[in-house]
1. Can you tally the net charge around B:G101? Count Lys and Arg as +1, Asp and Glu as -1, for every other residue whose Cβ sits under 10 Å from the Cβ of B:G101.
2. Mind checking how much accessible area B and A bury in total, 1.4 Å probe, in Å² rounded to 100?
3. Please report, in whole Å, how far the alpha carbons of chain A spread along each principal axis, starting with the longest.
4. Counting Lys and Arg as +1 and Asp and Glu as -1, each charge on the Cβ, what is the dipole of the range A:19-71 about the Cα centre in debye, to the nearest 20?
5. How many angstrom lie between the C-alpha centres of the range B:139-178 and the range B:218-260?
6. So for B:K297, B:K267, what's the accessible-area order with a 1.4 Å probe, most first?
7. Quick check on chain B: helices-only [θ] at 222 nm, where DSSP H runs of length 4 and up contribute -39,500 (n - 2.57) each and the sum goes over total residues. Nearest 500, please.
8. Quick one: Cα centre-to-centre distance for the range B:1-32 and the range B:272-294, in angstrom?
Amino acid sequence: MKIEILGTGCPKCKKTKEIIEKVLKQTGVEAEVIKVEDVEKILNYGVMVTPAVAIDGEVKVAGKVPDEKDIRKWVTQ
Amino acid sequence: MVDIFYPLQWIADKLTYEVFKIAPDTHLAASVNFIIYDVLKIFILLAIMIFVVSYIRTYVTPEKTRKVLGGRTGLQYHLLASMLGVVTPFCSCSSVPLFIGFVESGIPLGVTFSFLITSPLVNEAAVAALWATIGLKVTLIYIVSGIVLGVFGGYVVGLLKMEKYVADFVYKIKVGDQNIEQESLKIKERAAIAFDNVKEIVGKVWIYVIIGVTLGGIFHGYAPEGILAQYAGKDNLLAVPIAVVMGVPLYSNVMGMIPIVESLIGKGLPVGTALAFLMAVTALSLPEMIILKKVLKKELIGAFVLIVTVSIIFTGYLFNILL
């Protein structure tokens, strides 16, 4: 699984990364977590409001820090 | 009209005179009463306004905005862009992707600027704090001026044909078309998102509100009446431009500035000068300009700052004459 965190590096993006890593640790799911800071790549996903999270190329959330419950659902599916 | 905030005044009076046992008609009583009343009122209105705007926002996404405004020209689209700027989210770290996303979808540069000007200017937290402190009438004037400023500013940027001052790479980026499942949200989920927003924004600004109200309260209780009318009154034509220039570096504390401005008005600062100051605080922020520098050449940033500054100064004079 490839989890991409899209964001130019604001505090909310860092927070998103922290929560995702926490959930991965809790659930024991193996995933590659990548921080995408390049605006062009972010826009390639059609995302204009950061932070956003894409899992295996599919955007799951944009414009807010996702909560743990949602992340757990995405990674365990 | 019945004052719906009367219960808050009652609580403030009770606490000041009975719980804290401060003698009425003293400077201390005036300050403490002001602080309690304002803090309660600002937090209540903040929670309500942020909730309402965040709820509406779950329907109006930037993705939809892009579709609605793409390739349209005309004054009505400037107006629409400005009005969308009021409700769509816009934090400074999203300004670059938003800007590119808009330009890429064929939204004219001027229309994009109408959005860019109004969006930070009229945000729900500032509106709530203004309503709580200075009153509904001035708040409505502020909102309408913010929209008019966005329409005017964007229109001028459009007239000046400044497209060549956008960084070249912007036009090369292809924006993907990912539809984030937002359509199918239930009312409960929208409410949950709105509630999260209330927690997040209040959690971020409460400290500025407390500091601002406290400073405002001290000024309210201790500064002599009319002190500002003497130095920064309507007949001092320099007051408006000075207020605007002073406002620019204060962006991060806008929530704290509003209660301070309230007490300044109470001591004789003309409302137009106060509005111009608050607009400068919110619309022209240095960090914002630095971020936009990534996509805009300095000529365009300069034109943007100049147009917005001149129109804010004009608005300030206008309301000093009218109010």
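1. With Lys, Arg at +1 and Asp, Glu at -1, the neighbours total -1.
2. Interface between B and A: roughly 1800 Å².
3. 32, 23, 16
4. Here the size comes out at about 180 debye.
5. The distance from the Cα centre of the range B:139-178 to that of the range B:218-260 comes to 30 Å.
6. Result of the area sort, largest leading: B:K297, B:K267.
7. Taking each H run of at least 4 residues, the total per residue is -23000 deg cm²/dmol.
8. Going from one Cα centre to the other spans 35 Å.
The values are calculated or read from the model by the stated rules, or taken from the named source; none is laboratory data. Everything numeric in this text was worked out from a predicted model, so none of it was measured. Cβ sites come from the backbone with ideal geometry, for glycine too, and all protein chains shown count toward neighbours. Note: accessible area is taken over every heavy atom of the protein model, side chains too, but ligands, DNA and RNA are not part of it. Shrake-Rupley method; radii C 1.70, N 1.55, O 1.52, S 1.80 Å.
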